[in-house]
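These notes concern the structure reproduced below.
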Amino acid sequence: MPVLRPIDRDLDTAAVENFLLRTDLPSARLFGERKHVALGMGEYGLLALAQDQIVGVLQTAGEGSSAEIAAVDSSWAQRLLDEYVGGTGQQLTVWSKDGLWDPVLAEAGFAEERVLLRMTVDLPVTFEVDSRLRFTGFRPGDEHRWLDVNNDAFRGHPEQGNWALSDFAARMDMAWWDPTGLRLGWEGSELVASCWTKITPEGVGEIYVIGVAESSQGRGLGYSMTHEGLRYLWEDRGCLQASLYVDEANARAVKAYEAMGFGVVAVDRSFTLAARA
C-alpha cells in the first residue's frame with residue numbers, strides 16, 4: 001500500500017539522503033543543495049513509500065518555502081505535489097530542474113515564475129588580476145564579516161539573503177566544504193567581496209556564490225572575484241571546467257558571463273501556485 005507522510009528528521013534523514021544518491025534518477029542528481037541542508041535541519045518535507053521503499057521526496061526550504069521533488073517517475077511526483085498542495089492554503093513555489101517536472105506542474109495549475117540558467121566554461125580562462133584587491137581563503141574568525149557582506153549583497157534575495165550563522169555552519173558541514181575555496185577580496189583590512197567555489201562530485205568547479213558589498217558595487221569587483229574563483233579552480237584544484245547558475249532576468253550578469261566564455265547548458269524553472277482564498 002503506497003504511503004505518503006511527513007519526513008521525520010530523526011528517523012528518515014539517512015534513508016532520504018541515500019535515495020538522493022541514486023545515480024539512475026535525474027531528479028535525485030539535480031536535487032538542490034539548499035534542500036539537502038533543509039532536510040538535515042528538519043524543515044518540512046514529504047516522503048513517498050511503496051513496499052517500504054522510498055520512491056519520492058518533496059522537500060521545502062526557507063521562509064516562504066520553495067520545494068523540490070525527486071521521484072522515480074512523474075506519477076509519484078504528481079502524488080507528492082497533490083499532497084503538498086492539499087495540505088496548505090499558502091502560495092507555493094516548486095522548482096523543476098532541467099525541465100523534469102514542467103508538465104506535472106503545469107497540469108497542477110502552477111505558473112512559471114523564474115528561470116535559472118546553468119552556464120559552463122572550459123578552463124583555463126585568460127584574465128587580468130585586479131590589483132585593487134588582496135585575495136585570501138576563508139580563515140576562522142571571518143564568519144561574521146563574510147555574513148555581513150553576503151547579506152548586504154543579497155538583501156531581499158529569496159535564497160541567498162538574510163543568512164544566519166547556522167546557515168553558514170550547515171554548508172561547512174557539507175562534504176565539499178574547503179575553506180580555501182571561499183575566496184575573499186579585501187581592500188586593506190575591509191572585506192568587500194567574495195567568490196565561494198566548490199567541486200561537484202563530477203569534478204566540475206562551481207562558482208557557488210559571488211557577493212559584493214553594496215557600497216562597493218558598480219566597480220567591477222564581481223567580475224574580478226569571478227576571475228579569482230576561476231583561477232583558483234584551475235591553478236589550485238586542477239578543474240578543467242567551471243559552472244555557475246544565474247537568473248535569466250539578470251541580463252547584465254548573463255552578458256558578463258558570456259563575455260568570459262560561459263555558455264548555457266541547462267535551464268531550471270520555478271513555478272508558483274497562488275494562495276487559495
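The values are calculated or read from the model by the stated rules, or taken from the named source; none is laboratory data. Given the structure is predicted, the values throughout are model-derived calculations rather than measurements. In this analysis, Cβ positions are derived from the backbone assuming ideal geometry, glycine residues included, and neighbour counts consider all displayed protein chains.
Some points to look at:
- Here Val37, Val94 are screened, and the one residue that is among the aliphatic types (A, V, I, L, M) and either modelled with pLDDT under 90 or at positive phi (or both) is Val37.
- Residue match in the stretch 6-16 (condition: out of contact with any helix residue (DSSP H, G or I) (no Cβ under 8 Å at 6 or more places or on another chain), part of a loop (DSSP other than H, G, I, E, B) and at pLDDT 90 or above): yes
- Selection within the stretch 56-80 - in contact with a strand residue (DSSP E or B) (Cβ under 7 Å, 6 or more places away or on another chain) and either without any contact (Cβ under 8 Å) to a residue 40 or more places away in the chain or of a type in the set (Ser, Thr, Tyr) (or both): Gly56, Leu58, Thr60, Ser66, Ala67, Glu68, Trp76
- Within the stretch 232-277, being of a type in the set (D, E, K, R), surrounded by fewer than 12 Cβ atoms within 10 Å (Cβ to Cβ) and in a loop (DSSP other than H, G, I, E, B) holds for one residue alone: Arg276.
- Helices (runs of 4 or more DSSP H) wholly inside the stretch 92-176 containing at least 1 residues that are over 21 Å from Met41 (Cα atoms): 102-107, 143-153
- Candidate set from the stretch 152-190 (those that are surrounded by 18 or more Cβ atoms within 10 Å (Cβ to Cβ) and among the aliphatic types (A, V, I, L, M)); member that is farthest from Trp95 (Cα to Cα): Leu184
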